Structures are given as structure tokens and as C-alpha cells.
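Take this structure first; my questions come after.
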Amino acid sequence: MRESGNRWTFRALAVVIAIGIWLPASFCPRLREMTTPPIEANVAGRLTIPDHERLTVLSIEPEGVQVRIRGNDELIDSLELDQVRVQVPLPGDALAGGPYSGPWEVEVVLAGEDVVLPDDQVEVVSVTPDRLVLSVDEEISVAVPVAVEWIGEPIGGISVDDDNVLITPERVTVQGARSEINKLEFALAGPIDLTGRGLDFTARQVRVRFASEHVRVEFPTIVDVFVPMIERRPQTSGAGN
């Protein structure tokens with residue numbers, strides 16, 4: 001009986017020792033977190049533009065902001081580039097009233113709630129600068145004709161019969177800044193290479209683009225182009241020739 005009692009005593013003592021080792025190890029990180037004072041640091045904020053049904057942003061001045069944050073040093077040190085995002089607020093009544101007269105400028109104020117952080121244990125202290133000037137434009141969606149961009153030269157004496165080039169489909173839908181669409185008026189297919197060409201041919205699945213970073217081609221994004229070739233007539237000069 002005495003031997004059995006000693007065995008249970010040793011077992012109980014082992015459990016107590018194990019708990020004594022586990023408790024400090026378990027609570028040390030939490031204790032260190034509670035006792036380590038928070039630090040502050042400046043980080044670059046990545047500006048993001050929320051989707052808007054009727055507005056598009058052409059430019060932002062300045063193009064970047066600094067966000068001052070406070071938190072545990074390990075959390076702040078672990079932040080990676082682009083993890084601190086600043087959602088730029090867009091004015092809701094910017095299109096209220098008046099005829100369209102082109103892009104215009106809007107000043108917006110940034111606040112702490114516009115900053116998105118990857119961890120809720122990090123808080124925003126300030127945003128610098130706290131004001132941005134946006135150049136905004138009305139966003140529209142419209143069908144525009146397609147023109148072709150050529151590169152290279154056909155064989156001697158041959159050229160493209162421009163009057164009979166056939167683009168299928170002839171129009172595509174684009175979406176973006178109204179001022180850019182009004183200025184350019186058409187989308188571009190190609191470029192299509194004419195190097196060494198002498199006979200009619202069809203270029204299939206030619207990519208269509210709009211020559212502005214503020215306008216995108218919605219549909220279709222590819223077209224087929226029938227390219228007829230014609231013999232160039234020699235130039236004549238002088239009366240009677």
C-alpha cells in the first residue's frame with residue numbers, strides 16, 4: 001500500500017510541475033503584449049478609388065499619403081507594402097445640375113475611417129495630407145466606330161483599298177471618361193502588319209483598344225478585319241497625260 005501511495009504522490013507532483021512550466025510559457029506572450037507600450041510609425045498609404053456608377057477619376061493630387069499608425073511593434077514591423085489602403089471618398093452630388101462642360105476638380109477630406117488596416121489591433125493616428133484634389137469626369141458607356149491601325153508596307157505597287165476595308169463588327173461599346181470619348185470618337189483595331197502583303201486577306205480576332213487610359217473597351221474586345229489590296233495607279237502630271 002505504501003508503494004502504491006508513493007506512486008500516486010509522484011504522479012501528482014509531476015502534474016503540478018508540468019502545470020507550473022506550462023502556465024508561464026502560455027501567459028508570457030500575452031503578458032509581454034500587455035506590458036509592451038505601443039509605438040507609432042509612418043507608413044505609405046495606397047490610394048484606392050471605390051467604384052462609382054457615374055464618375056471616373058482622372059488624377060489625384062498629391063498621388064500619395066502618409067498614414068501614422070499606433071500599435072504593437074511586432075504587428076507594425078510585420079506590415080507589408082500595400083497592406084495599408086486609403087479609400088478615397090467620392091462626392092455623391094458631383095453631377096447635380098447644369099450641362100456637361102468637361103472634367104472638374106473636387107476637394108475631398110480624408111479621415112481615419114477611410115484607412116483600411118489588416119489588423120484591428122493597429123489604430124490610425126492621422127493621415128497626411130488629409131485633403132486631396134481630384135480631377136473627375138462623367139463616366140458614360142457608348143458605342144463607337146472602329147478604325148484600323150496599320151504597320152509595315154505591302155509589296156511594291158500594292159496598297160490597301162481603304163474604301164472597302166470591312167470590320168466585323170463595325171462598332172464596339174466603350175466605357176469611361178466622357179471628355180476622352182468625345183475627343184477621340186473611335187476605337188483602334190490592330191496594329192495589322194502589311195509587310196510583304198500583295199493579296200486580299202482577313203485578319204481575325206484583332207484586339208481592339210481605346211487610346212486613353214481612362215476609357216476601356218467593354219464589348220466586343222476583338223474584331224475581324226477584311227483587308228482588300230489594290231494596285232496603286234501611277235501618278236500623272238501635266239495636262240494631256
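Which residues, taken from the range 112-126, are assigned to a loop (DSSP other than H, G, I, E, B) and either in contact (Cβ under 8 Å) with a residue 12 or more places away in the chain or outside the structural domain of LEU47 (by TED's automatic domain parsing) (or both)?
Hits for the range 112-126 are LEU117, PRO118, ASP119, GLN121, VAL122.
For the range 217-241, which positions are modelled with pLDDT of 95 or more and either more than 17 Å from GLU153 (Cα to Cα) or within 39 Å of the chain's Cα centre (by Cα) (or both)?
Selection gives VAL217, GLU218, PHE219, PRO220, THR221, ILE222, VAL223, ASP224, VAL225, PHE226, VAL227.
So, one more: So which of GLY112, GLY71 ends up being among the small types (Gly, Ala, Ser), buried (at least 17 other Cβ atoms within 10 Å of the Cβ) and more than 20 Å from the chain's Cα centre (by Cα)?
Values: GLY112 fails: buried (at least 17 other Cβ atoms within 10 Å of the Cβ).
Only one candidate qualifies: GLY71.
Tally the residues that are in a strand (DSSP E or B) and within 12 Å of ALA211 (Cβ to Cβ), restricting the search to the range 146-188.
Start the filter on the range 146-188 by keeping residues that are in a strand (DSSP E or B), which leaves 146-151, 158-160, 166-168, 171-177, 187-188.
Filter again for within 12 Å of ALA211 (Cβ to Cβ), leaving 147, 149, 174, 176, 187-188.
Summing the residues that are in a strand (DSSP E or B) and within 12 Å of ALA211 (Cβ to Cβ) in the range 146-188 gives 6.
Would you call ASP119 at pLDDT below 85, in contact with a helix residue (DSSP H, G or I) (Cβ under 6 Å, 6 or more places away or on another chain) and either of a type in the set (D, E, K, R) or within 30 Å of VAL142 (Cα to Cα) (or both)?
Values: at pLDDT below 85: yes; in contact with a helix residue (DSSP H, G or I) (Cβ under 6 Å, 6 or more places away or on another chain): yes; either of a type in the set (D, E, K, R) or within 30 Å of VAL142 (Cα to Cα) (or both): yes.
In short, yes.
Condition test on LEU194, is it touching a Pro at 6+ places or on another chain (Cβ under 9 Å), farther than 26 Å from ASP51 by Cα and at pLDDT 95 or above?
Judged against the criteria, LEU194 is a match.
Could you tell me which of the residues GLU170, GLU213 is charged (D, E, K, R) and farther than 30 Å from SER59 by Cβ? Show your work before the answer.
Details: GLU213 fails: farther than 30 Å from SER59 by Cβ.
Selected residue: GLU170, the only one of GLU170, GLU213 that is charged (D, E, K, R) and farther than 30 Å from SER59 by Cβ.
Could you look through the range 74-88, keep only residues that are under 19 Å from the mean Cα position of the chain (by Cα) and charged (D, E, K, R), and pick out the one that is modelled with the highest pLDDT? Working first, answer last.
Of the range 74-88, the ones under 19 Å from the mean Cα position of the chain (by Cα) are 80-88.
With charged (D, E, K, R) added as a condition, the list becomes 80, 82, 85.
Details: GLU80: 77, ASP82: 78, ARG85: 92.
It comes out as ARG85.
Every residue in the range 100-111 that is free of Cβ contacts under 8 Å to residues at least 24 places away in the same chain and over 18 Å from PRO50 (Cβ atoms), please. Quick ask: steps written out before the conclusion?
Pass one, the range 100-111, residues free of Cβ contacts under 8 Å to residues at least 24 places away in the same chain: 101, 109, 111.
Matches in the range 100-111: SER101 only.
Quick check: anything in the range 192-199 closer than 29 Å to GLY156 by Cβ, part of a strand (DSSP E or B) and not assigned by TED's automatic domain parsing to the domain that holds GLU105? Reasoning before the result, please.
So in the range 192-199, the residues closer than 29 Å to GLY156 by Cβ come out as 192-199.
Add one more test, that the residue is part of a strand (DSSP E or B), and what stays is 192-193.
So of that shortlist, the ones also not assigned by TED's automatic domain parsing to the domain that holds GLU105 come out as 192-193.
So far as the range 192-199 goes, yes, one or more of its residues are closer than 29 Å to GLY156 by Cβ, part of a strand (DSSP E or B) and not assigned by TED's automatic domain parsing to the domain that holds GLU105.
Moving on to the next point. Which residues, counting only those in the range 127-145, are assigned to a strand (DSSP E or B) and of a type outside the set (Val, Ile, Thr)? If you could, list the steps in order and put the result at the bottom.
Taking the range 127-145 first, the residues assigned to a strand (DSSP E or B) are 127-128, 131-145.
Listed by number, the residues that qualify are ARG131, LEU132, LEU134, SER135, ASP137, GLU138, GLU139, SER141, ALA143, PRO145.
The values are calculated or read from the model by the stated rules, or taken from the named source; none is laboratory data. Model, not experiment: these values are computed from the prediction. With ideal geometry, Cβ positions are generated from the backbone for all residues, glycine too; neighbour counts draw on all protein chains shown.
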